[in-house]
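Worksheet: the structure to be examined is printed underneath.
The values are calculated or read from the model by the stated rules, or taken from the named source; none is laboratory data. Remember, predicted model here, so these are calculated numbers, not experimental data. Heads up, the Cβs are rebuilt from the backbone with ideal geometry, glycines too, and the neighbour counts pull from every protein chain shown. The accessibility values were calculated without ligands, DNA or RNA, using every heavy atom of the protein model including side chains. Shrake-Rupley method; radii C 1.70, N 1.55, O 1.52, S 1.80 Å.
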Protein chains: 2
Amino acid sequence: MKRFSADYLRQFGTDFFVACGSPRDEAAQVADHLAESNLMGYDSHGIVRITDYVICVKDGRVRPGAPMTILKETPSTAIVDCGLNFGQVSANLMIEIAYEKAKTCGISSVVSQSCFHIGRLGSHVQKIAERGMFALMTCNGRQRIHMVVPWGGRDGRLGTNPIAFAAPTKGWPVVMDFSTCMIPEGKIRLSLFEGKPIPENCIQDPEGNSTTDAARFYTPDRNKIIGTILPLGAPRFGHKGYGLALMTEIMGAILSGEDATVDHNRSNGVSLMVINPDAFCGIDLFTELVDRFCQYQMSSRPAKGFSEVVVPGTLDFRTREKRLVEGILFQDSVWAEIVDAAAQVGLKVSEP
Amino acid sequence: MKRFSADYLRQFGTDFFVACGSPRDEAAQVADHLAESNLMGYDSHGIVRITDYVICVKDGRVRPGAPMTILKETPSTAIVDCGLNFGQVSANLMIEIAYEKAKTCGISSVVSQSCFHIGRLGSHVQKIAERGMFALMTCNGRQRIHMVVPWGGRDGRLGTNPIAFAAPTKGWPVVMDFSTCMIPEGKIRLSLFEGKPIPENCIQDPEGNSTTDAARFYTPDRNKIIGTILPLGAPRFGHKGYGLALMTEIMGAILSGEDATVDHNRSNGVSLMVINPDAFCGIDLFTELVDRFCQYQMSSRPAKGFSEVVVPGTLDFRTREKRLVEGILFQDSVWAEIVDAAAQVGLKVSEP
């Protein structure tokens, strides 16, 4: 195992994205997002992502440093053409625009066009909560990776379509970030490699039968996905996850004018809504009431099998405090892949 | 069984609410909402509700004809004091305000204070979609009936907290309306009376153990609820339903300045957000893309056990077409309760 500090990962990541062609300030934004994901415990969305990103840099799916422009706007709304720049850079721009508009108008909505992978939604809404506002964000995926079925369906027609929101409190903000399907593809692949069964009611085989066998999700050579993922709420309430997934498509991609039924190079259709509590009950009362409501949740005695009741985000912030002290661990094989990705853009990694 | 047309129920309902003290136009609004719920197949939210409402009229929890005022507003936001008038009347006012604001600003948000039971959320967002805009609505419940646990909890701290959205298409709008918990209390009570088991992972006994025995949800005399309901996504992803329920509390009650941790006479903290597609890609392209996306969903072959894939709302609109022709059926015992409720406000029911 290798162990690195977040600062080291931030520095390394910045150098990597500069080597990819990003201006230094934009490179630092992407690197910070990835290092923060590692700190919060979301290693799958952390610095390991550069192994994917390097491929996208090469094939032109992402365009480091590309200009981003506002295609259309009103005092409270905007469509941002992200120009296929790194999604984290685009998200930061969307955050700035939405925050300023909400400051003036009380509520704002900003949607994206031509947006590359924006990473972990939770980190974006968190930034707005830390500035005293409420944020709601949704995101769709490209048509080529539609593997979630509409409720009652056999063919993939939706992505994992995450939804996130965040609200300020006097302590850590409430931060919720979740996919609207039962299981991410990464976990199915892991089960395949480990030979373990998938939990029931999460995936279907190519014939539309529910299965726990990860092998039925892929072709025998394991290279192609032929199964499907069920929406959140399966087996009885899958229509709820399906509805939420549809909502992310409508609020994200469709509102910006992107057709989500055809494949294109855009990775994410993003919708960001920001609410300024000062237009409503005022930030002081709002924060106090959110705080009180969280305390009220935590005052519930734990159910069997649980040691405490927390609010969304708490466990992640605890992980962050721990990892700030202890550093972030990487398996040697994973770190080797990261070093290899860096080498592909001419960056030699010097360990601390 | 009794069979009535929706027109008859509308007329009867209007007379009932006039007898309760509502002005005739407001009485017609509530009656129309209830009759439409019957038409759409949601009989539990239909005209039978007057048996609850008559009690609330008597104990002052609802104040027919009460004035409603805007407490605070900006061009795109408003807090409406609903004065405990009937919730359907309040919702119609919120819809008008939010629609007009979205027409000017592109996006709007209206939240309620002192709002009585607003009924079926789906019917409210549908009205906005029928006028060419996208609507998102959330709603919390009063503290006294908190029976949904926070994820990992043993004590009720949340209501069934529904979320609804609607979007225009060239045909029936997409209308989604769902609770963020596993099962409504009404279905648990039905299982108790029928002696049938509850599906697994829906409820907990008073000790916080998952159970399928409805009897463990109530005191032995069946009068008091002592069990709890699990959030949507249980048993593995209950944190998702918990997060959605928290979101409805924050967007609804808390934003308006209402403390959701104490009991008060207000039934529902409502949040309504409206998006005007013309501020984004334009209503024509928006409707076309929503339509195309719906067709794309429906193009999925059905999974095992399903005969077709539909989009949210379709089945309800089909029920409506059927019931417009065939009328709406009531069990004799249910109709007798309705007649009795009417008698309590001095209304004699004459059958058609």
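A few remarks follow.
- Each residue in region A:85-125 was checked for being assigned to a loop (DSSP other than H, G, I, E, B) and over 17 Å from the mean Cα position of the chain (by Cα), and 1 pass.
- Residue ID - most open to solvent (accessible area, probe 1.4 Å), chosen from residues in region B:140-153 that are more than 11 Å from every other protein chain (Cβ to nearest Cβ) and at pLDDT below 95: B:Arg144
- Residue in region A:59-67 that is part of a helix (DSSP H, G or I), in contact (Cβ under 8 Å) with a residue 12 or more places away in the chain and among the small types (Gly, Ala, Ser) present: no
- Note on region B:214-252: residues that are of a type in the set (Gly, Ala, Ser) and out of contact with any helix residue (DSSP H, G or I) (no Cβ under 8 Å at 6 or more places or on another chain) total 5.
- Residue in region B:19-28 that is open to solvent by 50 Å² or more (accessible area, probe 1.4 Å) and not acidic (Asp, Glu) present: yes
- Within region A:244-259, tally of residues that are open to solvent by less than 10 Å² (accessible area, probe 1.4 Å), facing chain B (nearest Cβ under 7 Å) and part of a loop (DSSP other than H, G, I, E, B): 0
- In the set (1) out of contact with any Ser or Thr (no Cβ under 6 Å at 6 or more places or on another chain); (2) under 30 Å from A:Ala167 (Cβ atoms); (3) not in a helix (DSSP H, G or I), A:Asn223 fails one condition alone, (2).
- If you filter region A:260-302 down to residues that are modelled with pLDDT under 95 and not polar (S, T, N, Q), you find that the one that is surrounded by the most Cβ atoms within 10 Å (Cβ to Cβ) is A:Gly269.
- Residue that is farthest from the other protein chains (Cβ to nearest Cβ), among those in region B:182-207 that are touching an Asp or Glu at 6+ places or on another chain (Cβ under 8 Å) and surrounded by 15 or more Cβ atoms within 10 Å (Cβ to Cβ): B:Ile198
- The set of residues from region B:102-138 being among the charged types (D, E, K, R) and either in contact with a helix residue (DSSP H, G or I) (Cβ under 9 Å, 6 or more places away or on another chain) or farther than 24 Å from B:Lys170 by Cα (or both) comprises B:Lys103, B:Arg120, B:Lys127, B:Arg131.
- Filter pass, B:Gly195 being of a type outside the set (Phe, Trp, Tyr) and touching a residue at least 60 places away in the same chain (Cβ under 8 Å): no
- A:Gly233 satisfies every condition listed in (1) closer than 25 Å to B:Ala166 by Cα; (2) in a helix (DSSP H, G or I) except (2).
- Considering A:Val311, A:Val349, the condition of being buried (at least 19 other Cβ atoms within 10 Å of the Cβ), of a type in the set (Val, Ile, Thr), touching a helix residue (DSSP H, G or I) at 6+ places or on another chain (Cβ under 7 Å) and at negative phi is satisfied by A:Val311 alone.
- In the condition set (1) under 26 Å from the mean Cα position of the chain (by Cα); (2) closer than 30 Å to B:Ile229 by Cα, A:Gly305 is compliant with all but (1).
- Matching residues in region A:41-77 - criterion: being in contact with a Ser or Thr (Cβ under 6 Å, 6 or more places away or on another chain), open to solvent by less than 10 Å² (accessible area, probe 1.4 Å) and within 18 Å of A:Gly327 (Cα to Cα): A:Gly46
- Qualifying positions in region A:293-331 - touching a Lys or Arg at 6+ places or on another chain (Cβ under 7 Å) and facing chain B (nearest Cβ under 7 Å): A:Tyr296, A:Gln297, A:Ser300, A:Arg301, A:Pro302, A:Ala303
- The residues of region A:221-243 that are within 9 Å of chain B (Cβ to nearest Cβ) and within 18 Å of the chain's Cα centre (by Cα), listed by number, are A:Leu232, A:Gly241.
- Checked against the criteria, A:Val270 counts as in contact (Cβ under 8 Å) with a residue 60 or more places away in the chain, more than 7 Å from chain B (Cβ to nearest Cβ) and touching a helix residue (DSSP H, G or I) at 6+ places or on another chain (Cβ under 7 Å).
- Residue match in region A:22-35 (condition: part of a loop (DSSP other than H, G, I, E, B) and of a type in the set (Lys, Arg)): no
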